[in-house]
Every structure is written in C-alpha cells, then in structure tokens.
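See structure below.
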Amino acid sequence: MEEPRLWNLLRELKSPSYEWVDLTHAFDDESPRWQGFPAMESRAVYDYDNAIFRAHVYSLVGQYGTHVDAPVHFYEQGRTLDQIGVREMVFPLCVVDVHKKVEKNCDYALSRKDLEEWESRHGRIPEGAFVAMRSDWHKRWPDSEACMNFDSAGNVHYPGWSLEALCFLIEEWGVGAVGHEAFDTDPPALEEQAPLQGEYYVLSHDRIQVEVMANLDKVPEAGAVIFCAFPKAKGGAGFSARCFVVFPKE
C-alpha cells in the first residue's frame, strides 16, 4: 500500500535537507518582561519527594516571554485566542533585517523603504505572510536591563515598526501577521506613535502579532514557513507561544 502523501512530506521535512529553528525564548520567574507586568510565579504542587509525578502551578500574565497577541488585546471588538483558526497559525515567513540600523540607533523604526528594499531583493511579500522584524534585540535576553535599555532618566529604548510600514504591509500587501524581538510594536521613544498606535493598528485590523521573538538571525529573509502555536484560552487576549520555522538548507 502506498504511504500517505503527507507522511512522505513530513519525512522529507524532517530529513537533513531541512533546517528547523526555534524562535522562542525559554522563560521563568526571573525573565525580562514589560515593566507594567508582574513577574511570573511558579510552584510545584506535586514532586517526586511526595508523589510519583511532578506538576506545577504557574501564575503569569498572558503577554509573557515570546507571546502572541490576539486582536482583542488592543481592540475591544477584536477576536480572542480561541477564535483564531488553526490555518491562521502557519504562514510563509518574510524576515526584514534591520539589525545594522538598530546597532546605530536603538530607537529605530522599520520603514516603508526597508520593505521596498526587501521587495527589490526577494519579490513581493505574499498575501497572508508573517513579516518579522530582525533587530537582533533577542541577543540581550535574559538580561532585563539590557532588554529594556533604560536611559539615565528611566526612559525605555528599543526598536519597533513605523506606522507607515505597518499600513503598507496590511493595506497594500495583505499580510497575515507581524512579529518582532522587542516588547512592543512601537519604539517607545517614537513620540508621534504614542501611545502604541502601531500595535493598535495591527490588532484592530484583525491580525495577530508575536512579540519577544528569538533567533531571527538564524533564518533566511525569504523561503521559510513559520508555525505559531499557542493555547486556546477562551476569551484570551494573549498567551505565551511556541514559534518555529522550517526551511531548506542551502
């Protein structure tokens, strides 16, 4: 009997011809987080000193570690996590690399020009794609001070997206999701987008986004597929996620 086609495809994807990269930070009670959120708390309710198994209770805000934001996170009429279909958790991945610009300017906002330069190298971003901003900010993890990057006045500095770039992605290219390595869509120092206009724009247009991503420097700018898995929390506005990519080795 002939083996099912999808099993053959999976065997091929797991072969040495393909690379699998985890885009997710491991997290714990001490991990960096947006300064308005409490730290995660965890405790073992059963362990091997008093039981035959181990189990933990975790208390954490939904937007902790690498996480997904559902539209309702910023848009009251938006969909919740349990309303996101499984087809919306797999995308073509396009990585826009601006890490050299971020090295020179920690407040850098990814621009429409950056997207047009990507297009000149790789062609049009496909409709429904996941577009990720590579800033290499993930290399600061798990140092909270480095991730937040406070100045002498206590202000936070990290990169993000310009509203113009987000509008271009959604209105002209019809992308399905965006992602980045820092804690917010909007650079905190970009006063003209305060308060978090870029994040509101993405979520109010019924897209999901993934924040605090890792290892975007280990994947190609074009050609990978990203899987974004997260719990089906009823009414949920966001939750820690496990994201990974698959792409052919060169």
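FYI, it's all coordinate maths here, none of it is from the lab. For clarity, every value in this text was computed on a predicted model and none was experimentally measured. Every residue, glycine as well, gets a Cβ built from its backbone with ideal geometry; the counts of neighbours run over all protein chains shown.
Only one of the listed residues (Glu127, Glu103) is assigned to a helix (DSSP H, G or I) and among the acidic types (Asp, Glu). That residue is Glu103. So which residues in the range 1-39 are basic (Lys, Arg) and more than 18 Å from the chain's Cα centre (by Cα), if there are any at all? Those that are basic (Lys, Arg) and more than 18 Å from the chain's Cα centre (by Cα): Arg5, Arg11, Lys14. Residue count for the range 54-96 under the criterion of being under 17 Å from Gly238 (Cβ atoms) and among the β-branched types (Val, Ile, Thr): the result is 6. What number of residues within the range 46-86 satisfy the criterion of being touching a strand residue (DSSP E or B) at 6+ places or on another chain (Cβ under 8 Å) and among the polar types (S, T, N, Q)? Result for the range 46-86: 3.
Matching residues to (1) under 19 Å from Cys94 (Cβ atoms); (2) surrounded by 19 or more Cβ atoms within 10 Å (Cβ to Cβ):
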residue: His180; (1), (2): yes, yes
residue: Gln193; (1), (2): no, yes
residue: His205; (1), (2): yes, no
residue: Gln209; (1), (2): yes, yes
residue: Met213; (1), (2): yes, yes
residue: Val219; (1), (2): yes, yes
residue: Gly235; (1), (2): no, no
residue: Phe239; (1), (2): no, yes
residue: Phe244; (1), (2): yes, no
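Within the range 11-31, the set of residues being in a loop (DSSP other than H, G, I, E, B) and of a type outside the set (Lys, Arg) comprises Ser15, Pro16, Ser17, Leu23, Thr24, His25, Ala26, Phe27, Asp28, Asp29, Glu30, Ser31.
For the range 98-124, what are the residues that are over 14 Å from Cys167 (Cβ atoms) and among the hydrophobic types (A, V, I, L, M, F, W, C)? Hits for the range 98-124 are Val98, Val102, Cys106, Trp118.
Selection of the range 203-250 for residues being part of a strand (DSSP E or B) and β-branched (Val, Ile, Thr) yields Ile208, Val210, Val225, Ile226, Val245, Val246. Of the residues that make up the range 91-99, is at least one assigned to a loop (DSSP other than H, G, I, E, B) and either of a type in the set (S, T, N, Q) or free of Cβ contacts under 8 Å to residues at least 24 places away in the same chain (or both)? For the range 91-99, residues assigned to a loop (DSSP other than H, G, I, E, B) and either of a type in the set (S, T, N, Q) or free of Cβ contacts under 8 Å to residues at least 24 places away in the same chain (or both): absent.
Looking across Glu127, Glu117, Glu76, Glu145, one residue alone is among the charged types (D, E, K, R) and touching a residue at least 12 places away in the same chain (Cβ under 8 Å). It is Glu127.
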